[in-house]
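Since the structure comes first, as structure tokens, the remarks are kept for the end.
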Amino acid sequence: MSGNEQKYINDAFETNWIAPLGPNVDAFEQEIASYVGVKGAAAVSSGTAALHLALQLLEVTADDIVFCSTFTFIASANPIVYQGATPVFIDSEPDTWNMSPLALQKAFKDASEKGKLPKAVIVVNLYGQSAKMDEIVSICNQYGVPIVEDAAESLGSIYKGKKSGTLGKFGVYSFNGNKIITTSGGGMLVSNDLEALDKARFLATQARDQAPHYQHSQVGYNYRLSNILAGVGRAQLEVLDERVESRRNIFNLYRQKLSHLKSIEFMSELPETLSNRWLTTILIHENEFNVTVSSIIEELGKKNIEARPLWKPLHLQPVFNGVHIYSHNEQNVSEYLFKRGICLPSGSNMTREDQIKVIDTILNLFS
Ligand SMILES: *Cc1c(COP(=O)(O)O)cnc(C)c1O
């Protein structure tokens, strides 16, 4: 927490707005929209809920297919299944580790030959790094298919002058406890389509029709964000840029101390973009010291320091067994990233001393 949260929480208590609506919710929506530079935002109970609403607004139904990055957290794809639709996974490319325009192009070519285009494409910006959006937007425009940008991990990042999450028809942020700013749980759907956002708010409050009694003509959800948590979000947003700076500093110190090791590769930063460096992520290529992701995790674990592998690609998840995957080339890039990648401790409040402990542990393994 930054310190200002209590003030907004007190406002909620003093005005007795203890509900999934209220002044903090409205203000948080406006503040996020203005921060990222879009016309509007709808505050919801999670990033997953925001993704689900985006698919609902794009009228994804049981007969549809949706393309989705394979290298991501499962929440990116679950809403496709909530809609009864079929996911098709798209591999990463080596520069950004995000959706490969080459694999996406292949998937579109096949889909168009079969006469069945996807209803939407979910593009994920992992660990703060933007995907190659120019290329991806251009392919999707060519086929007239809308993009949902899953920017749950990239709030505060910039792609060619635009804030991450604003390059598709809809953008999604998460304020889960592990994200760069948090409301403990929460999410935001952003768009320049204000009508669609009104519809999102309607769907998120049980799709209640205008009537004095409770009337419903369609099925909705209970997805709105509480006015108390929105208060937490407002204070968190005030320190977002500071958080980005501290995460970038953490990244820079790791790079400064470890990049001389030739078997370590840092996730790069695409030219003309700025990553929030939500997590510092590295690849451990084969090396003469036999250092692997698991040996690093084990060694750090002995010192009570937690580190984890990168996201396991969704096409390797048992629950998505049999789902089609389009690879970037003969070797699937996301599988290599999963085998060789590790997230280093990256919390915004990490001290330099803590970080040096992590660095020394890794350096020791390589000596
Ligand atoms: C965290 C996350 C989500 C889901 O957000 P929740 O608020 O936890 O529902 C979706 N996609 C990605 C890539 C995430 O990291």
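Here, each number is a calculation from the coordinates, and none is a lab measurement. Since we're looking at a predicted model, the values are computed, not measured. Don't worry about glycine lacking a Cβ; one is built from the backbone with ideal geometry, like all the others, and counts go over all protein chains shown.
For the reader, a short list of remarks on this structure follows.
- Looking at region 68-162 alone, DSSP beta bridges between its own residues are antiparallel in about 20 percent of cases.
- FRET efficiency for the pair LYS312 and HIS216, taken as 1/(1 + (r/R0)^6) with r the Cβ-Cβ distance and R0 = 56 Å, rounds to 0.90.
- Of ILE18, ILE80, the sequence from fewest to most neighbouring Cβ atoms within 10 angstrom is ILE18, ILE80.
- Using the alpha-carbon positions of region 1-99, Rg (one decimal) and Dmax (whole number) come out as 17.8, 52 Å.
- Cβ-to-Cβ counts within 10 Å put ARG247, ARG208 in ascending order as ARG208, ARG247, the fewest first.
- Positive-end residue, the chain charge dipole about Cα centroid, Cβ charges, pick of SER100, GLN317, ALA235: GLN317
- Ordering SER184, SER157 by the number of other Cβ atoms within 10 Å of each residue's own Cβ, fewest first, gives SER184, SER157.
- For region 200-208, the Karplus equation 6.51 cos²θ - 1.76 cosθ + 1.60, evaluated at θ = phi - 60°, returns couplings of 4, 5, 4, 5, 7, 10, 6, 6, 8 Hz by residue, with Gly and Pro reported as x.
- Under 15 Å, Cβ to Cβ, from ALA207 - net charge with Lys/Arg +1 and Asp/Glu -1: +1
- Available extension along the chain between SER294 and GLU14 is 95.7 nm, counting 0.36 nm per residue and deducting the alpha carbon span.
- Karplus-derived HN-Hα couplings along region 127-138 (A = 6.51, B = -1.76, C = 1.60, θ = phi - 60°), whole Hz, x at Gly and Pro: 6, x, 8, 6, 5, 6, 5, 3, 5, 5, 4, 5
- Cα-based shape type of the chain, given that a ≥ b ≥ c are square roots of the gyration tensor eigenvalues and the cut on a/c is 1.5: oblate
- Taking Cβ atoms as reference points and 11 Å as the exclusive limit, the residues near PRO101 contribute a net charge of -3, counting Lys and Arg as +1 and Asp and Glu as -1.
- Note on GLU59 and GLU286: the model spin-label points, each 7 Å out from Cα along the C-beta direction, lie 5.2 nm apart.
- The calculated 222 nm mean residue ellipticity attributable to helices in the chain amounts to -11500 deg cm²/dmol, summing -39500 (n - 2.57) over DSSP H runs of n ≥ 4 and dividing by all residues.
- Dipole magnitude of region 59-156, debye to nearest 20 (Cβ charges: Lys/Arg +1, Asp/Glu -1, about Cα centre): 220 debye
- Other-chain or far-sequence residues with amide H under 5 Å of VAL124's (modelled H): SER69, MET99, ASP150
- Hz values of 3J(HN,Hα) by residue in region 33-39 - Karplus curve (6.51, -1.76, 1.60), Gly and Pro given as x: 4, 6, 4, 8, x, 10, 6
- Percent of beta bridges antiparallel (DSSP, region 5-239, rounded to nearest 5): 50 percent
- Here region 5-239 is treated with +1 on each Lys and Arg Cβ and -1 on each Asp and Glu Cβ, and its dipole about the Cα centre works out to around 120 debye.
- Estimated FRET transfer efficiency when R0 is 25 angstrom, pair PHE266-SER2 (beta carbons, to 0.05): 0.35
- As a rough guide to protection, the peptides 309-322, 351-364, 42-55 ranked by mean Cβ packing within 10 Å, highest first, stand as 42-55, 309-322, 351-364.
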